[in-house]
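Written out below as structure tokens is the structure these notes cover.
The values are calculated or read from the model by the stated rules, or taken from the named source; none is laboratory data. Nothing here was measured: the structure is a model prediction, and the numbers come from that model. When we count neighbours, we look across all protein chains shown, and the Cβ atoms used for this are built from the backbone with ideal geometry, even at glycine. The protein model used for the area step is the full one, side chains on, heavy atoms only, and it has no ligands, DNA or RNA in it. Shrake-Rupley method; radii C 1.70, N 1.55, O 1.52, S 1.80 Å.
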Amino acid sequence: MIIKGIGASDGYSIAKAYKFAHAEVTVSRQMIADVEAEIVKFENAVEASKLQLTEIMEKTRINLDEEHAAIFEAHILILTDPELTGGAIDKIRSEGVNADFAFAEVSNTFVAMFEAMEDDYFRERAADMKDVSKRVLYNIQGIAIQDPTQIKEEVIVVANDLTPSDTALLDKRFVKGFVTDVGGRTSHSAIMARTLEIPAVVGAKNAFDQIEDGELLILDGVKGEVLTGADEATVSAYQTKQKEYLAQKEMLKAYKDKATMTADNQHVELAANIGSPEDADGAVNNGAEAVGLYRTEFLYMGNTHFPTEEEQLAAYRAVLEKMGEKGVVVRTLDIGGDKELSYYELPKEMNPFLGNRAVRLCLNEPDIFKTQLRALLRASVYGNLKIMFPMIATLDEFRKAKAVLMEVKTELEAEGQEIGKFELGIMIEIPAAAVLAKAFAKEVDFFSIGTNDLIQYSFAADRMNEKVSYLYQPYHPALLHLIKGVIEASHAEGKWTGMCGEMAGELMAAPLLLGLGLDEFSMSASSILKIRHFMAGVTKEECQALVEKALLCGTEQEVIALVEEFLAK
Ligand code: PEP
Ligand code: MG
């Protein structure tokens, strides 16, 4: 059987399926005849939870450090709180109700109480309490708990959905790829798959239901397909494809230390998108000329608390030092949308992608924002830093965010801290900012076009929703006109424009963007050599002629046909 989805990360793999799910816990009120037996069941679940947490704590102590292990110690302590467990037992006894219902009621009261508190410390406790309670509920209901760090053999992970933090926990020594029912090419788990350089297929509808745990799968990240029940001949054909793919990767290595030059000797910069200091190694190994986007939110998402100024300084410094003189565009915190924090409750919104996210949230929470800006400015002495604000819609927002940066700079100077040179830019991912690029160009040092969001907002199509993924149209002339305006506006003011959305790494997009005059292309490190190889074979002049024709088209199909014709030459 062939299950079709969207190719999210190139490559092939052949391995056993590992079904991964966060089970939903639903709790309903039931009357219980044997109350004492129900209490024993509850006490056993609490004991089982404590044992699991102790094991996790010990593993964390060995694999990570004492500080992270302490989190689980705190979780165990929650379970020894008589008000919580005793409260549940009292409820089972006095109301004759089932253990999971009684426990959920009591723990929800605590969560609500913590959440209502002003203090961040207590709000974080609410998240801990939720985590622990979910574990207890799983144990009462006999639901097996899955943990991606436990995977210790070669598998392909099959899930309905993977959150960015699930993806961050995947160990690429064992996880040879993944397939998810939901998602599109620009959902964050897809982006992380490309960073990890493991093949992935997303938006594969009901793959989770169709695939049996443990069965042999062939994952084709190029075509976006998953094959089950393949015969020997098919397996061997894919083994050959896999070898050829790896050989092509080898060939491209010759371009690693070369500058990116077109056939008519024009230079453009190929940069890497990274999510952590470790990814900077992948950037360097794949011949990146810069880091065009450091998504700092992963530093926040992979954590149990807001990273402190010192923790952030260490991460930014590490990236800047690894890149030496090469530029590093660090984007300030961009949470919200599909990016959540386990220790910070984002407001429940009807449309999180249109809500209080990214720079909007930072402007509403100056303490969070200032801590990051202090760390960034302190890190500026260690390399070639470019600070970038995400999701800017209006000049006013940019000016407000810049004012906070300047305030922090004055504070640091008063403290006697040394601050190096840095550039300040914005992402262009909201159509209003793209349209008004001329005005922005007078005030910023650079633009970086975030097509993942710019396309989603231009076509009013959720980037996570595979039902409307047909509207994710990077080659649509409407988008090309927006990009053209942004690049021209920056050049008129002597500024530069990059692109850090996934489009920048697409082979099909390369001649169009080159023709439009894009200065910097920032992509998953694994795409850099392929694009450099391509650019060496085309002239900027012929790309300009191509894009002029493309700008006259009315549909994406027409543009694609032009590009295909161009590439076939
Ligand atoms: C974008 O929107 O294109 C972008 C690069 O940001 P993110 O994918 O993190 O939203
Ligand atoms: Mg974005």
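What lysines does K569 reach when the alpha-carbon gap must be under 16 Å and sequence neighbours fewer than 8 apart in one chain are set aside?
Answer for K569, where 16 Å is the Cα cut-off: K540, listed by chain and number.
Calculate the spin-label point distance for A478 paired with A414, positioning each point 7 Å from the Cα along the beta-carbon direction, and give it in nanometres.
Inter-label distance under the simple model: 4.9 nm.
For the chain, give the magnitude of the charge dipole about the Cα centre (Cβ charges: +1 Lys/Arg, -1 Asp/Glu; no others), in debye to the nearest 20.
1580 debye
If packing is taken as the average number of other Cβ atoms within 10 Å across a peptide's residues, how do 259-270, 405-416, 202-213 rank, most packed first?
202-213, 259-270, 405-416
Cα atoms only, the range 459-569: Rg and Dmax in Å?
Gyration radius and largest Cα-Cα distance of the range 459-569: 13.9, 41 Å.
What residue among S133, I78, F42 has its Cα farthest toward the positive end of the dipole of the range 35-141, where the charges are +1 on Lys, Arg and -1 on Asp, Glu, each on the Cβ?
Checking the options against the dipole of the range 35-141, the answer is F42.
If I take R0 = 35 Å and measure r between the Cβ atoms of E541 and M406 in this structure, what FRET efficiency does the formula 1/(1 + (r/R0)^6) give, to the nearest 0.05?
0.25
For the pair A37 and H491, how long in nm is the line joining their label points, each one 7 Å along Cα→Cβ?
Modelled inter-label distance: 7.9 nm.
Given the pairs K256/K402; K348/K400; K370/K495; K41/K130, which are separated by over 29 angstrom at their Cα positions?
Beyond 29 Å: K256/K402.
Can you work out D for the range 502-559 in µm² s⁻¹ from Stokes-Einstein, where Rh is the Kirkwood radius over C-alpha pairs, the temperature is 4 °C and the viscosity is 1.567 mPa s?
It diffuses with D of about 109 µm²/s by this estimate.
Just subtract the alpha-carbon distance of E345 and E83 from 0.36 nm times their residue separation and send over the number in nm, one decimal.
So the extension gain works out to 91.9 nm.
In vacuo Debye scattering of the range 35-141, one point per C-alpha: log10 I(q)/I(0) at q = 0.11, 0.19, 0.24 Å⁻¹?
These q points yield log10 I(q)/I(0) values of -0.35, -0.93, -1.26.
In the structure shown, do any of K16/K467; K172/K241; K258/K326; K50/K172 have a Cα-Cα gap over 23 Å, and if so which?
K16/K467; K50/K172
With all protein chains present, calculate the accessible area of T109 using a 1.4 Å probe and round the result to the nearest 10 Å².
Surface accessible to solvent at T109 totals approximately 90 Å².
If you average 1/r over every pair of different alpha-carbon atoms in the range 419-478 and take one over that average, what Kirkwood value in Å do you get?
For the range 419-478, inverting the mean 1/r across all distinct Cα pairs yields 12.9 Å.
Give the accessible area for F110 in Å² (nearest 10); use a 1.4 Å probe, count only protein heavy atoms, and leave out ligands, DNA and RNA.
My reading of the accessible area for F110 is about 30 Å².
Along the charge dipole of the chain, pointing to its positive end and built from +1/-1 on Cβ of Lys, Arg, Asp and Glu, which listed residue (A263, V486, G302) has its Cα farthest out?
Farthest along the dipole direction, towards plus: A263.
Just the Kirkwood number for the chain, please: inverse of mean 1/r across all distinct Cα pairs, in Å, one decimal.
Over the chain, the inverse of the mean reciprocal pair distance is 25.5 Å.
Dipole of the range 35-141, Cα-centred, from +1 at each Lys and Arg C-beta and -1 at each Asp and Glu C-beta, to the nearest 20 debye?
Dipole size: approximately 360 debye.
Any chance you could give the angle, 0 to 90 degrees and rounded to 10, that helix 35-63 forms with the longest Cα principal axis of the chain?
Helix 35-63 sits roughly 40 degrees off the main axis of the chain.
Length gain on complete extension for the stretch L216 to R399, per 0.36 nm per residue less the alpha carbon to alpha carbon distance?
60.4 nm
222 nm [θ] for the chain, helices only, -39500 (n - 2.57) per DSSP H run of 4+, per residue, to 500?
-15000 deg cm²/dmol
Figure the gain on full extension for K438 and D231 (residue separation times 0.36 nm, minus the Cα-Cα span) and round it to one decimal in nm.
Taking 0.36 nm per residue and subtracting the Cα distance, the gain is 68.7 nm.
Tell me, what is the FRET efficiency for E95 and A23 to the nearest 0.05, using R0 = 25 angstrom and their Cβ-Cβ distance as r?
E(calc), rounded to 0.05, equals 0.45.
For an R0 of 41 angstrom, estimate the FRET efficiency from the Cβ-Cβ distance between L552 and E423 and round to the nearest 0.05.
My answer for the efficiency is 0.70.
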